[in-house]
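Colleague: Below you'll find the structure I mean.
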Amino acid sequence: MTTDTMMLEDLARKEYKYGWSTEIESDTVPPGLNEEVIRLISDKKEEPRWLLEWRLKAYRHWLTMEEPKWQNVHYPPIDFQAVSYYSAPKQKGERPKSMDEVDPKLLETYEKLGIPLKEREVLAGVVAVDAVFDSVSVGTTFKETLAEKGIVFCSFSEAVKEHPDLVKKYLGSVVPYTDNFYATLNSAVFSDGSFCYIPKGVKCPMELSTYFRINEASTGQFERTLLVADEGASVSYLEGCTAPMRDTNQLHAAVVEIVALDNAQVKYSTVQNWFPGDEEGKGGIYNFVTKRGKCAGKNSKISWTQVETGSAITWKYPSCILLGDNSVGEFYSVAMTNNYQQADTGTKMIHIGKNTKSTIVSKGISAGKSQNTYRGLVKIGKNATGSRNYSQCDSMLIGDKCGAHTFPYLEVNNTTSQVEHEASTSKIGEDQIFYCNQRGIETEDAVSMIVNGFCKEVFRELPMEFAVEAQKLLDVSLEGSVG
Amino acid sequence: MAIIEIKNLHANVEGNEILKGIDLTVNAGETHAIMGPNGSGKSTLASVLAGREEYEITEGQILYNGKDLLEMDPDVRACEGIFLAFQYPVEIPGVNNSYFLRTAVNAIRKHHGEDEIDPGEFLSLREKMKLVHMDDRFLSRSINEGFSGGEKKRNEIFQMLVLDPTLAVLDETDSGLDIDALKIVAEGVNEFRRDPSKAAIVVTHYQRLLNYIVPDFVHVLVDGKIVQSGGKELALELESKGYGWIEREPASVSA
Ligand SMILES: Nc1ncnc2c1ncn2[C@@H]1O[C@H](COP(=O)(O)OP(=O)(O)OP(=O)(O)O)[C@@H](O)[C@H]1O
Ligand SMILES: [Mg+2]
């Protein structure tokens, strides 16, 4: 083995920058799951009856389900009774009405994470943020500015109170409570999350974002995001996540539902940087997430872009149901794994409407002893005539103890549709690194440059300031994989 | 003043000895051509100078500006002024040429304790691509990706002009070039050589290149050893007689 390979193999030793935790008093329910706990959560959130009923239906259904085992990841059984299903920072007095009233400790936390909760311009543009801390949303910025356009952007709990009809109409309409083991669990116990509604014909004037932070030690995080773009509306939505370093595994089982009506466009970008565990594979987040969008209307478009660098285990498939004629689904993904991380991620593109189009670009990078799997389904229904899919799945290996796997599933049920699939697996080239070295560039910088080049088609899809962040993240996760 | 002194250099790859005792000194202001049959070890010598890890040095020494070159990592060698124009330039998808060059320029400047290059200054450096008749649009393309053979070679010379090394090692920069491109590339190299503090080692199979880049010395490498050295006439002699006669005649070292 050459020195380069050895260097590559230990490239990833920089510390997880978000590993600290906030000392804050919290209201955490004891571990355990039963109907009482669900009633308690619903009660704490002062929810209407119908929502409690929905949760209970989900819970009862969950009891009949088995944990899925088909994914290409390995972990010891999760004891669902050892997880705490609700934790919120203790509030002194009334729920804060504006950002000024939010506990300064929380504001400090987000400041330290680089998330501005003060309403001000950041970098290239204005971003409105909904900050979720453990189980609850601690505040949403730019609410008034958005309200002027009729845009609703608030925590899920608030939406249940203020816009019950919208929530009732769309909750579970894309990911039903019976969907899958983790989505069903989420439906029973979800605590908070973000809600967004863009009315007819409105183009959202700023990026919207949710920033998730897990703080408590033994809590699971089960948030739920619901995003509805009415006819002709458009929005770009960002999601970021971090968690403290802890040596036990924590469960994160979220659900994201998107609905796009006629001519609406939604772009959903994620930079996922949950704590990945340490170099020996101890600790880290289990990120088992269901994300799905429904292009319900004609000419609608939903585009997923994800940069996944964190979590001990990532298991998610942001998908599109292309129901409306001429609707478009896109999935751009970078999944980077290092040390003992495991990722099984990809997408499902379900073509139902005529002339629907989907594009899949997936870049997997594996380093250390990690395993990285792309799994994707393209299904073109009988009536989805004239539909097209293009998929490209590239894997890059750094070192020779990691693995890359690709499972593309294709189902085409009519003769007028076209699907195209390209895949490649390459080892990061020692010639490429040497070429950079020979021009004066150190190996670590060379690897980062080569990997960034490899991911370019995906980064191009990210909003500007996020793209910069994503590149930095990749550098951090790569560190130590070269000497 | 000697820029590089190679003394009794032996190098192995995968257990096979490829270089079997090379002695070569290149002084400032000199250009040395290295010729020799396929597989004789020319690229190996170039790679060893640049610091490729696959090659194991089993014996000998290389001094670069009086310092032990073999102690330096490849990137340090580059920062210290050794440039290798690759026989087969490498493609790096998604990384654009201009970004790559600026990163290289800044790495070298950092090594010398200098500040990053300012954008204006970098723009003027980029002008050097005119010297090798390259179009601006190559700057925004990925490094060497989809470049023709000749374009790759010109890009190497362009990088050399921008990075401004002390010692340039050109490995078959003429192969795959048409007549016009050959002249253009030679002009680029001559521009570099004009400075008497620089030196060049030019690996080639063809005397033709040496009409344009006139060497001070020509060495013939056969089976890992320099078997003959001479002035520029030696290249002409090789052209007419091939390598066979050298292998039969005893080496006469005149350099
Ligand atoms: N990485 C390697 N692994 C195995 N053998 C190698 C390696 N590099 C070089 N060699 C062998 O070393 C010998 C010299 O190769 P080298 O590339 O230096 O020749 P060259 O003189 O540059 O030839 P050419 O004129 O064809 O470019 C060849 O027999 C080659 O196969
Ligand atoms: Mg060669």
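The values are calculated or read from the model by the stated rules, or taken from the named source; none is laboratory data. Since we're looking at a predicted model, the values are computed, not measured. Cβ placement follows ideal geometry from the backbone for every residue including glycine, while neighbour counts extend to all protein chains displayed. Just so you know, the surface numbers come from the protein's heavy atoms only, side chains and all, with ligands and any DNA or RNA stripped out. Shrake-Rupley method; radii C 1.70, N 1.55, O 1.52, S 1.80 Å.
Colleague: Of all DSSP beta bridges located in chain B, what percent are antiparallel, nearest 5?
Modeller: 60 percent
Colleague: Over the range A:246-316, consider all pairs of different Cα atoms and compute the Kirkwood hydrodynamic radius from their mean reciprocal separation; express it in Å, one decimal.
Modeller: Mean inverse Cα-Cα distance, inverted, gives 13.4 Å.
Colleague: When the solvent-accessible surface of protein heavy atoms is calculated with a 1.4 angstrom probe, in what order do B:L139, A:L261 fall, highest first? If you can, show how the numbers build up before the last one.
Modeller: Values: B:L139 10, A:L261 35 Å².
Heavy-atom accessible area, descending, gives A:L261, B:L139.
Colleague: Over the Cα atoms of the range A:283-375, what is the Rg over Rh ratio if Rh follows Kirkwood? Walk me through the numbers on the way to the answer.
Modeller: Working: Rg = 14.6 Å, Rh = 13.6 Å.
Dividing the radius of gyration by the Kirkwood radius yields 1.07.
Colleague: With a 1.4 Å probe and every protein chain left in place, tell me how much accessible area A:H421 has, in Å² to the nearest 10.
Modeller: Its heavy atoms expose roughly 70 Å² to the probe.
Colleague: What distance in nm separates the simple spin-label points at B:Q61 and B:S197, each placed 7 Å from Cα in the Cβ direction?
Modeller: The modelled label-to-label distance comes out at 2.6 nm.
Colleague: Quick check: pseudo-label points 7 Å beyond the Cα along Cα→Cβ at B:Y88 and B:D115, how many nm apart are they?
Modeller: About 4.3 nm, to one decimal.
Colleague: On the first, second and third principal axes, largest extent first, how far apart are the outermost C-alpha atoms of the range A:298-436 in Å?
Modeller: Cα extents, longest axis first: 49, 29, 23 Å.
Colleague: Restricting to DSSP loop positions (anything but H, G, I, E, B) with no more than 16 other Cβ atoms inside 10 Å of their own Cβ, which GluC sites (Glu not before Pro) remain in the range B:82-136?
Modeller: Passing both the DSSP loop test and the Cβ count: B:E114, B:E116.
Colleague: If I build a Gaussian network model for chain B, linking alpha-carbon pairs within less than 10 angstrom, which residue out of B:N211, B:N155, B:N144 has the largest mean-square fluctuation?
Modeller: B:N211
Colleague: May I ask which of B:K7/B:K153; A:K298/A:K354; A:K282/A:K456; B:K20/B:K153; A:K267/A:K294; A:K57/A:K168 have a Cα-Cα span longer than 21 Å here?
Modeller: Too far apart for the 21 Å limit: B:K7/B:K153; A:K282/A:K456; B:K20/B:K153.
Colleague: Could you please report the charge total around B:N12, scoring K, R as +1 and D, E as -1 over all other residues with beta-carbon less than 13 angstrom from its beta-carbon?
Modeller: -4
Colleague: Further question on the same structure: Going 7 Å from the Cα of B:R137 along its beta-carbon direction, which residues of the range B:67-96 have the amide nitrogen within less than 17 Å of the resulting point?
Modeller: Counting backbone N atoms under 17 Å from the label point, the list is B:96.
Colleague: May I pose another question? When the Debye formula is applied to the Cα atoms of the range B:2-248, each taken as the same point scatterer, what base-10 log of I(q)/I(0) results at q = 0.07, 0.12, 0.13, 0.16 Å⁻¹?
Modeller: Normalising to I(0) and taking log10 leaves -0.23, -0.69, -0.81, -1.23.
Colleague: In the range B:21-155, if every C-alpha pair distance is counted and binned at 5 Å from zero, what percent goes to each bin?
Modeller: Per 5 Å bin, starting at 0, the Cα pair percentages come out as 2, 8, 14, 18, 19, 17, 13, 7, 2, 0.
Colleague: How far is helix B:149-163 tilted off the main Cα axis of chain B, in degrees rounded to 10, range 0 to 90?
Modeller: It works out to around 80 degrees.
Colleague: So, one more: Counting just the Cα atoms, what span does the range B:180-233 cover along each of its three principal axes? Round to the nearest Å and put the largest first.
Modeller: Principal axes ranked by extent give 31, 28, 19 Å for the Cα atoms.
Colleague: Let me ask something else about it. Per residue, what volume in Å³ does the Cα convex hull of the range A:381-445 take up?
Modeller: Details: hull volume 7.3 nm³, N = 65.
Looking at the range A:381-445, the number lands at 112 Å³ per residue.
Colleague: Expressed as a whole number of Å, what is the distance separating the alpha-carbon centroids of the range B:163-187 and the range B:120-145?
Modeller: A separation of 16 Å, based on Cα centres.
Colleague: Taking springs between alpha-carbon atoms closer than 10 angstrom, which of B:V95, B:V48, B:V189 fluctuates most in the Gaussian network model of chain B?
Modeller: B:V95
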